[in-house]
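Beneath this line is the structure, given in structure tokens, with notes to follow.
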Amino acid sequence: MDTASLRQRLERLVHTNSSVFAASIFKSGLSCARCGWCCRENFNIRITKEISRPSNAISVFPEDVKRIMKGTGKHWDEIVKPDIYSCLDDGKNIRVIGWILRRNDKDECIFYRNGGCSIYEWRPMICRCYPFFMGERDIEVMHCEDQVNRIEEESAKKMALIVKRYEMKKLRSYIRIISQLGGKLRRSDLCQLPCGYEGEVIVFDGDAVSTVKFENNRNIYDKQNRG
């Protein structure tokens, strides 16, 4: 993954009308029933041979976090933690790519309450898209427990626009993060933060570079510098 190829994908997407993707969404028949299935850990996603990512390890943009902060009154470190499944270790420093929503002791999103999302109004962009994501050329539909056909054509068009905007934002975020890291980013170089890790990590999120310390074997922040 390098900035040149990402810019090419972004340019192609910019010049593609979102209506192109609406047909796949409409054909799926799916729309969010607010069942909370995606808020819970239901399966693992194999990233590399060594990294198995929980289905609800939700990557978020800094803007997502700020919106949730404004809506809930919570602090940054109450909402997210470094993405422990997307790390780079050069033997001196552990660099982390972005943030994920915190999960509770039941491995559920901390905002999953009473069978649903408690921040639905302020939910992250990735949650607004689910179960639809952009593949190489068209929409890919992730598994969802609610398989009832209910989406309307106009809603499919609106969802297609949301998915396109999310993909464009994700590509731009990757471009900035790779620039922050100073080079290419290869999936084969990724590692997972060891269980019980204690020490500092450096988080790159495209907007800022943060230093975060894990201690007491509980993934609790000791300090954070978003500057």
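Each value in this text was obtained by applying a stated rule to the coordinates, not by laboratory testing. Since the model is a prediction, treat every value here as computed from it, not as a measurement. Don't worry about glycine lacking a Cβ; one is built from the backbone with ideal geometry, like all the others, and counts go over all protein chains shown.
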Q | Rounded tilt (10° steps) of 62-72 against the dominant C-alpha axis of the chain | A | 80 degrees
Q.
Can you compute the modelled spin-label distance between V20 and N42, with each label point 7 Å from Cα toward Cβ, in nm?
A. 3.0 nm
Q: Would you list which lysines come within 17 Å of K157, measuring only between C-alpha atoms, while excluding same-chain residues fewer than 8 positions from it?
A: K27
Q | trypsin sites (Lys or Arg not before Pro) within region 79-178, DSSP loop, no more than 13 other Cβ atoms inside 10 Å | A | K92, K106, R137, R150
Q: Run the quick spin-label model on R137 and H75: label points 7 Å from Cα toward the beta carbon, then report their separation in nm to one decimal.
A: 5.0 nm
Q | Mean separation of Cα contacts under 8 Å (6+ apart) over length of the chain, as relative contact order % | A | 28 percent
Q: Please work out the ratio of the alpha-carbon Rg of the chain to 2.2 N^0.38 Å and round it to two decimals.
A: 1.03
**Q.** Summed residue charge, Cβ within 13 Å of T3's Cβ, Lys/Arg positive, Asp/Glu negative
**A.** +3
**Q.** Sequence of S24, S210 once ranked by neighbouring C-beta atoms within 10 Å, starting from the fewest
**A.** S24, S210
(Q) Per DSSP helix of 4 or more residues, -39500 (n - 2.57); summed, then divided by the residues of the chain. What does that give at 222 nm, rounded to the nearest 500? (A) -9500 deg cm²/dmol
Q. Quick one: net charge of R176's neighbours, Cβ under 12 Å, K/R +1, D/E -1?
A. +2
**Q.** Top of E145, E108, E41 by mean-square fluctuation, Gaussian network on the chain, Cα under 10 Å
**A.** E145
Q | Partner lysines for K106 [C-alpha distance under 24 Å; skip if fewer than 8 residues away on the same chain] | A | K74, K81, K213
Q: Grab the other residues whose beta carbon is less than 11 angstrom from that of T48, score K and R as +1, D and E as -1, and report the net.
A: +3
Q: Would you kindly state how much longer the chain becomes between T211 and R150 on full extension, computed as 0.36 nm times their sequence separation minus their alpha carbon distance, in nm to one decimal?
A: 17.5 nm
Q) So which cysteines in the chain don't have a second cysteine's C-beta under 4.7 Å from them? A) C32, C35, C38, C87, C117, C127, C129, C144, C191, C195
Q: For a footprinting-style exposure proxy, rank M125, M142, M159 by other Cβ within 10 Å, fewest first.
A: M142, M125, M159
Q.
Could you list Y130, Y120 so that the one with the fewest beta carbons within 10 Å of its beta carbon is first and the one with the most is last?
A. Y120, Y130
Q: Please give every one of the aspartates and glutamates within straight-line cross-link reach of K92, meaning a C-alpha to C-alpha distance under 19 Å, and leave out same-chain neighbours fewer than 8 residues apart.
A: D83, D189, E198, E200, E215
